Every structure is written in structure tokens, then in C-alpha cells.
Amino acid sequence: ENDIISSVWYMAEKYGVDRKHASYVEKMSLSLFDKTWNYHRLGDQEKLYLQVAAILHDSGNYVSLSEHGNHSSNIIRTQSIMGFSDKELELIANIAKYHTTRIPTYSDQSYYVLSHHEKILVSKLSSILKIAESMDISHMQKIREIEVLASTDALQLRLISNKDILLEKWDIMNNVEFFQEVMGIRIKLKG
């Protein structure tokens, strides 16, 4: 697994990915994955898909800043990354594609062709990636940690920071609806 991640980072550098930002989004995605497991119930292989998508989510900026989610998706889809089948790369490409404000729809051919199970997987993982991306929308890594506290009717996300995180909170709230829909739980923000 370390070899896989090393090769993914090599690829990220080839496409000029901002290492600090991608590393932060990777860390926060994996943290959210672990802390929300009771809602998505996905395993280690799916966690690896999320990790790869998090590292490469901005690789499409190499092609163009506009629609970079699509470009990231195309880059991932056309690479051969050690340890992944073409089908797995298609899943990772879709997860990365939807890290922006865009949500998966049946009009997107790459999403449409997935099986029902794969659509659910992509939706769950991209909803986690969206929140991790929002946590670093400023590319300044202002949130040190995220705590997830569950109650009967909501998940409380506590953002731990000693900086002004108004922009990050605003962006999380803009992207949280999809997470709520996919995971079936309301989100409240604190911090």
C-alpha cells in the first residue's frame, strides 16, 4: 500500500498538485472516513480509493482551472496506477470529479454507467472528499482537526482552529447537503 501511495504522490507532483493542500485534504478525508464509519460502513479498499482521489483531486488544474474536477477525473482514468484495475480507476476518477460543488447526476455518462452499488460508493466517498476540500478552501490549512460527535438526530462537526475559519465554515455549509442526503444524517457545525 505504501508503494501505491508513493506512486500516486509521484503522479501528483508530475501534474503540479499543491502538495500541502493535497496532503491536508488527504489527511482530513481519511479522518472523516474513520469518524463517520457508522454512516457509510465502507472498508479499507474504499478508504484507499478515497485517499488516492484526495491526493489527485486537483491534478486537473494542470489542464485548466475551470472544470478542473472533470480534468482530474480524465487524468486519473487514463493513468495506470499500480495496484488498481481499470474499474477501480474509474471509481477513483468519479470520486475526484465530484470534489467541487458539483454533485453526481445520471446525465454524467461516467456516473450513469456505474452499477447501483458503485454509484452509492462514489456518492459516499465524494461527499466526504467535498467536506475535506471545503475545510481547506483557502489552501491555508487553518483547521487543525475535526471532531465528529454523534447524537440521535445529527452529526456535530467541531472544527478545531485558532484562526478565522469563516470562509471554511461557509464552504462546508454549502457542500454539506449532499453528505446529509447520502449518509442520511443532519450536520451541525461547531467551532
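Here, each number is a calculation from the coordinates, and none is a lab measurement. Bear in mind the structure is a predicted one, so any value in this text is a computation, not a measurement. Cβ: placed from backbone, ideal geometry, glycine included. Neighbour counts: every protein chain shown.
Counting other Cβ atoms within 10 Å, keep those with at most 14, restrict to DSSP loop, and tell me which trypsin sites (Lys or Arg not before Pro) in the stretch 118-173 are left. Please list the in-between numbers first.
Values: sites: 119, 124, 130, 142, 144, 158, 163, 169; in loops: 142, 144, 163.
The qualifying sites are 144, 163.
Would you mind counting up the charge near residue 21? Only other residues with Cβ under 10 Å from its Cβ, with Lys and Arg at +1 and Asp and Glu at -1.
-3
So which trypsin sites (Lys or Arg not before Pro) in the stretch 16-51 end up in coil per DSSP with only 15 or fewer other C-beta atoms within 10 Å?
Passing both the DSSP loop test and the Cβ count: 41.
Taking 0.36 nm per intervening residue step and subtracting the Cα-Cα distance, what contour gain separates residue 2 from residue 189 on full extension?
Net length gain for the segment: 63.9 nm.
Among 17, 52, 113, 148, which comes first, second and so on when ranked by fewest other beta-carbon atoms within 10 Å?
The order, fewest Cβ neighbours first, is 113, 148, 17, 52.
Dividing the Cα convex hull volume of the chain by residue count, how many Å³ per residue is that?
Cα-based convex hull of the chain, divided per residue, equals 110 Å³.
For residue 155, list long-range residues whose amide hydrogen, built 1.01 Å from N in the peptide plane, is under 5 Å from its own amide hydrogen.
Here 186, 187, 188 satisfy the definition.
Starting from the Cα of residue 166, step 7 Å along the direction of its Cβ; do the same at residue 34; then give the gap between the two resulting points in nm.
3.3 nm
For the chain, what is the calculated [θ] at 222 nm in deg cm²/dmol (nearest 500), taking -39500 (n - 2.57) for each run of four or more DSSP H residues and dividing by its residue count?
So the calculated ellipticity at 222 nm is -18000 deg cm²/dmol.
Residue 118 versus residue 158, label points 7 Å from Cα toward the beta carbon: distance in nm?
4.1 nm
Cut-off is 10 Å between beta-carbons; in what order do 18, 34 appear when sorted fewest neighbours first?
34, 18
Just to be sure I understand the model, the point goes 7 Å from the Cα along the line to the Cβ. What's the resulting residue 45 to residue 110 distance in nm?
Here the answer is 2.1 nm between the modelled labels.
Work out how much length residue 147 to residue 82 would gain on full extension: take 0.36 nm times their residue separation and subtract the Cα-Cα distance, in nm to one decimal.
Here the segment from residue 147 to residue 82 would lengthen by 20.1 nm.
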